[in-house]
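For reference, the structure is listed below as structure tokens.
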Amino acid sequence: MRVLKTEREIGILADAGKIAATALAWAGRQAVPGATTGELDAGVEAIIRDAGGTPEFKGYHGFPASICASVNDEIVHGIPGSRRLREGDIISIDVGVRYKNFIGDTARTFAIGNVSDSAQRLMDATRDALEAAITAANTDGRLSDIARAVQTVAEDRGYGLVRDYAGHGVGTKMHEDPQVPNYVDDHLLRNDVVLEEGLVIAIEPMLCTGTGKTRVGSDRWTVYTADGGLSAHFEHSIAFTRKGVRILTLLDNGEEAAA
Amino acid sequence: MNAPTIFAGVIAEVLPNARYRCEDADGRSLVCHVAGDMRLKVVRVLPGDSVTIEVSPLDPGKGRIVGKRETRREQS
């Protein structure tokens with residue numbers, strides 16, 4: 001069921017989003033060679049709690065941490081811990097915050113020190129796919145406009161697109177309807193959704209250097225590329241308002257968490 | 001003995017609230033949801049997808065989708 005939000009609720013969602021973006025930016029600054037993913041997780045949790053929020057991922061269906069930390073061939077749901085980041089790694093960090101009972105959800109892939117050109121191009125393409133999707137998202141447009149924008153960037157640059165996971169509505173629950181797929185198919189076109197005022201969604205393209213096919217690891221959480229290719233993941237939560245599209249997961253100064 | 005039954009099924013229909021009607025090889029129908037540890041992110045499952053379903057004898061009317069199996073899907 002799709003729930004539309006009032007202006008006041010979108011304001012709280014933006015507050016939650018700002019906390020998530022602030023914590024994500026901090027994690028990005030700390031993500032350097034030698035840091036462990038567990039340190040990033042602990043710091044993000046402290047930032048969220050200091051701001052009056054709670055980490056939404058922690059305990060969600062039993063997930064043990066406040067961030068997902070997915071390195072290199074890990075797409076999403078990587079569990080942070082003792083893993084030490086190395087020069088040349090890329091790490092996708094995903095943060096979920098609950099604040100005044102509303103959710104902020106954002107993710108970004110960061111380079112650890114100097115990375116290969118191919119890794120940098122993958123990250124750039126994924127960020128561009130998210131930007132293209134937000135540009136394509138217009139009040140009174142269709143959900144398929146967003147999906148098509150992501151798919152076009154991925155295909156034009158020759159990257160695999162992860163199809164098994166999708167974006168989602170955001171509100172008092174982290175996952176609300178509608179699903180926001182990153183590609184267009186008949187099912188989406190038959191069930192297309194008008195992007196009406198009050199709708200709040202998270203858009204989250206996941207691009208890979210390989211096919212985009214996935215497998216779940218033995219910890220039953222971590223999702224890997226089936227072929228071992230690199231994966232990048234960028235996510236913003238956005239609201240459709242009377243004044244147009246508003247990105248909810250931005251920093252205090254209105255900017256994005258820098259890569 | 002409360003061990004769940006595990007079997008292969010196919011998504012027949014997408015229902016509201018992240019529920020799916022699945023059918024087994026004999027065409028029997030069961031309402032299922034996607035198991036929690038598959039869905040910190042939203043898992044995209046569509047009609048025609050092959051899935052692995054787990055059913056608890058304590059609640060035989062509902063199934064948990066615990067995995068997606070390789071599915072051939074036409075790209076549009």
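Per-residue answers, yes or no, for (1) touching a Gly at 6+ places or on another chain (Cβ under 6 Å); (2) surrounded by fewer than 24 Cβ atoms within 10 Å (Cβ to Cβ):
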site: A:Ile201; (1), (2): yes, no
site: A:Glu204; (1), (2): yes, no
site: A:Cys208; (1), (2): yes, no
site: A:Val216; (1), (2): no, yes
site: A:Thr225; (1), (2): yes, yes
site: A:Lys243; (1), (2): no, yes
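Taking the criterion of being assigned to a helix (DSSP H, G or I) and over 23 Å from A:Leu24 (Cβ atoms), the residues of the stretch A:116-163 that qualify are A:Asp117, A:Ser118, A:Ala136, A:Leu143, A:Ser144, A:Asp145, A:Ala147, A:Arg148, A:Gln151, A:Thr152, A:Glu155, A:Asp156. All conditions in (1) within 14 Å of chain A (Cβ to nearest Cβ); (2) modelled with pLDDT of 85 or more hold for B:Glu23, with the sole exception of (1).
If you go through the stretch B:29-42 and keep only what is surrounded by fewer than 19 Cβ atoms within 10 Å (Cβ to Cβ) and of a type in the set (Val, Ile, Thr), you end up with just B:Val31.
Take the conditions in contact with a strand residue (DSSP E or B) (Cβ under 7 Å, 6 or more places away or on another chain) and at pLDDT below 95 and apply them to A:Arg98. Does it pass? Please lay out each step first, then the result.
Values: in contact with a strand residue (DSSP E or B) (Cβ under 7 Å, 6 or more places away or on another chain): yes; at pLDDT below 95: no.
It is false that A:Arg98 is in contact with a strand residue (DSSP E or B) (Cβ under 7 Å, 6 or more places away or on another chain) and at pLDDT below 95.
Per-residue answers, yes or no, for (1) buried (at least 20 other Cβ atoms within 10 Å of the Cβ); (2) aromatic (Phe, Trp, Tyr); (3) more than 24 Å from B:Lys68 (Cβ to Cβ):
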position: A:Ser92; (1), (2), (3): yes, no, no
position: A:Gly113; (1), (2), (3): no, no, yes
position: A:Glu131; (1), (2), (3): no, no, yes
position: A:Glu155; (1), (2), (3): no, no, no
position: A:Gly167; (1), (2), (3): yes, no, no
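With respect to the conditions (1) more than 26 Å from A:Gly171 (Cβ to Cβ); (2) at pLDDT below 95, A:Gly34 falls short on a single one, namely (2).
Quick one: is B:Val34 at the interface with chain A (Cβ under 8 Å from one of its Cβ atoms), modelled with pLDDT of 80 or more and under 13 Å from A:His61 (Cβ atoms)? The answer is no for B:Val34.
Among the residues of the stretch A:48-63, just one is more than 14 Å from every other protein chain (Cβ to nearest Cβ), assigned to a loop (DSSP other than H, G, I, E, B) and under 12 Å from A:Gly96 (Cβ atoms), namely A:Gly53. Residues in the stretch A:173-188 that are more than 8 Å from every other protein chain (Cβ to nearest Cβ) and either free of Cβ contacts under 8 Å to residues at least 24 places away in the same chain or among the acidic types (Asp, Glu) (or both): A:Glu176 only.
Would you point out the residue of the stretch A:71-81, among those that are over 12 Å from the mean Cα position of the chain (by Cα) and within 12 Å of chain B (Cβ to nearest Cβ), that is surrounded by the fewest Cβ atoms within 10 Å (Cβ to Cβ)?
For the stretch A:71-81, the residue satisfying everything is A:Ile79.
Of the strands (runs of 3 or more DSSP E) contained entirely in the stretch A:164-259, those carrying at least 2 residues that are small (Gly, Ala, Ser) fall at A:165-169, A:231-233, A:236-241. Among the residues of the stretch B:40-72, the ones that are charged (D, E, K, R), within 12 Å of chain A (Cβ to nearest Cβ) and in contact (Cβ under 8 Å) with a residue 12 or more places away in the chain come to 5 in all.
Every residue, every condition in (1) facing another protein chain (nearest Cβ under 9 Å); (2) in contact (Cβ under 8 Å) with a residue 40 or more places away in the chain; (3) touching a Cys at 6+ places or on another chain (Cβ under 7 Å); (4) under 19 Å from A:Gly96 (Cβ atoms), yes or no:
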position: A:Leu161; (1), (2), (3), (4): no, yes, no, no
position: A:Tyr165; (1), (2), (3), (4): yes, yes, no, yes
position: A:His168; (1), (2), (3), (4): yes, no, no, yes
position: A:Arg190; (1), (2), (3), (4): no, no, no, no
position: A:Val200; (1), (2), (3), (4): no, yes, no, yes
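Summed over the stretch A:144-153, residues that are surrounded by 24 or more Cβ atoms within 10 Å (Cβ to Cβ) and in contact (Cβ under 8 Å) with a residue 40 or more places away in the chain total 3.
A:Gly113 - would you say it is farther than 24 Å from A:Gln179 by Cβ, in contact with a helix residue (DSSP H, G or I) (Cβ under 8 Å, 6 or more places away or on another chain) and in a loop (DSSP other than H, G, I, E, B)?
No, not satisfied.
The values are calculated or read from the model by the stated rules, or taken from the named source; none is laboratory data. Remember, predicted model here, so these are calculated numbers, not experimental data. Reconstructed Cβ throughout: ideal geometry from the backbone, glycine too, with neighbour counts over all protein chains shown.
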